[in-house]
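*Asks:* One structure follows; several queries about it will come next.
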Amino acid sequence: MTFESIGGTLAVAVDAHCRISEDGVLLARFAAPTATDTVCDLGTGNALLPLCWCRRDPPAHITAVEREAAFAALAQAAIDRFSLAPRITLICADWNEQEAMPQAGSMTLVTCNPPYFPFGASRPSPDPLRCAARQEDDPRMLDKLCAAATRLLTADGRFCLCHRPERLCDVLAAVREAGLVPRRLQFVQAHDGAAPWLFLLECARKGTLRVLPPLITHKRGTHTAVYKRLYR
C-alpha cells in the first residue's frame, strides 16, 4: 500500500487492485456535493470520491460503503492518516444489507462508480478483487444498486453515477424501475470528435432531463487538464 496525492494535503491509499481512476475523479466533480449535503458513496473502494470532496468545502457528512475488506482497509487507512473520522463514516458491507446501511431517507446525495462489465459477459478474472471492481456478480446488480440508492435518498435527494455508454439503456431501465428519473446527462470524450468513453448521470424522484455539453478531457488518464484543474 502507498499513498498517492490528490493535491493539497490529502492523498488516497492505493495498491495493485485499487488506484486513482479518472472516472472516479470525474464523478466526484459531477456530483459536486454542497456543504449541507449528507452523502453516501456506494462501493467506495479506497474512498476516492469522499477524499476528493474533503479536499475543500466538504459536505456535512459522508458515509462510504464498501463490501470488499481489502478495499475498505485502504479507505480506512486514508481516513485515519488524515483524521477524517468525524467527516467520513466507513461501513464494510454490501449495499443490499439494509440492516447495515444508513437510515432510509437520510441522504441528500448518493453516488456510485459501479463495475462496468455485465454479469456473464466474459469469463471472470481469476483475481477476485479485480473481478469485484470490474464485473457485476449478479444479473440484477444495476437494479439492486438503484433500489438501494432510492431507499437512502430524501424526497428531493439525487443519485449520481458513471458508466460506459454501451450500458446507458441498462442504467436508464434500472433507474426507472427504482422510481427515479434521469435529470442530468453528460458524456465524456477524450477529444473533440471522439466517441464518448463514459457518461455521468444524475437522477432524482422528479425532474426533466438536461443533456449537458460533452466534457472533453483532451486525453485519457488521471493527469489530464481536467484532472489537474480539479486539484490545482
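The values are calculated or read from the model by the stated rules, or taken from the named source; none is laboratory data. Note that this is a predicted model, so its numbers are computed, not measured. Here the Cβ positions follow ideal geometry from the backbone for every residue, glycine too, while neighbour counts run over all protein chains shown. Areas reflect the complete protein model, heavy atoms only, side chains present, ligands, DNA and RNA absent. Shrake-Rupley method; radii C 1.70, N 1.55, O 1.52, S 1.80 Å.
*Asks:* Note down all Cβ pairs under 7 Å where the first residue falls in the stretch 47-70 and is more than 20 Å from ALA11 (Cβ to Cβ) and at pLDDT 95 or above, the second is open to solvent by 10 Å² or more (accessible area, probe 1.4 Å) and in a strand (DSSP E or B), and they're at least six residues apart or on different chains.
*Replies:* Within 7 Å, the pairs are ALA60/THR38; HIS61/THR38; THR63/THR89; THR63/ILE91; VAL65/ILE91.
*Asks:* In the stretch 70-108, how many residues are assigned to a loop (DSSP other than H, G, I, E, B), closer than 21 Å to MET1 by Cβ and among the aromatic types (Phe, Trp, Tyr)?
*Replies:* Residues flagged as assigned to a loop (DSSP other than H, G, I, E, B), closer than 21 Å to MET1 by Cβ and among the aromatic types (Phe, Trp, Tyr) within the stretch 70-108 amount to 1.
*Asks:* To continue, here is another question. Out of the residues in the stretch 10-19 that are in contact with a helix residue (DSSP H, G or I) (Cβ under 6 Å, 6 or more places away or on another chain) and under 23 Å from TRP197 (Cα atoms), which is least open to solvent (accessible area, probe 1.4 Å)?
*Replies:* The extreme case among them is CYS18.
*Asks:* Could you tell me whether any residue of the stretch 24-32 is more than 14 Å from the chain's Cα centre (by Cα) and free of Cβ contacts under 8 Å to residues at least 40 places away in the same chain?
*Replies:* Checked against the condition, which is being more than 14 Å from the chain's Cα centre (by Cα) and free of Cβ contacts under 8 Å to residues at least 40 places away in the same chain, the stretch 24-32 yields no hits at all.
*Asks:* Pairs, please: C-beta under 7 Å, at least 6 apart or cross-chain, first residue within 20 Å of PHE30 (Cα to Cα) and in the stretch 163-175, second assigned to a helix (DSSP H, G or I) and not polar (S, T, N, Q)?
*Replies:* Once the first residue is within 20 Å of PHE30 (Cα to Cα) and sits in the stretch 163-175, its partners that are assigned to a helix (DSSP H, G or I) and not polar (S, T, N, Q) give HIS163/VAL171; VAL171/LEU142; VAL175/CYS146.
*Asks:* Now for a separate question. Assess whether GLY7 counts as being closer than 26 Å to GLY105 by Cβ and in contact with a helix residue (DSSP H, G or I) (Cβ under 9 Å, 6 or more places away or on another chain).
*Replies:* no
*Asks:* Something else now. Among the numbered criteria (1) open to solvent by 50 Å² or more (accessible area, probe 1.4 Å); (2) farther than 19 Å from VAL14 by Cα, which one does ARG81 miss?
*Replies:* (2)
*Asks:* In this structure, does ALA100 turn out to be aliphatic (A, V, I, L, M), modelled with pLDDT under 95, open to solvent by less than 50 Å² (accessible area, probe 1.4 Å) and under 17 Å from the mean Cα position of the chain (by Cα)?
*Replies:* no
*Asks:* Those residues that are buried (at least 17 other Cβ atoms within 10 Å of the Cβ), in contact with a Cys (Cβ under 8 Å, 6 or more places away or on another chain) and not in a strand (DSSP E or B), I need them from the stretch 172-213; list them, please.
*Replies:* ALA174, VAL175, ALA178, LEU180
*Asks:* Let me ask another. Which of the residues that make up the stretch 26-64 are out of contact with any Ser or Thr (no Cβ under 9 Å at 6 or more places or on another chain), of a type in the set (A, V, I, L, M) and open to solvent by 10 Å² or more (accessible area, probe 1.4 Å)?
*Replies:* ALA32, ALA35
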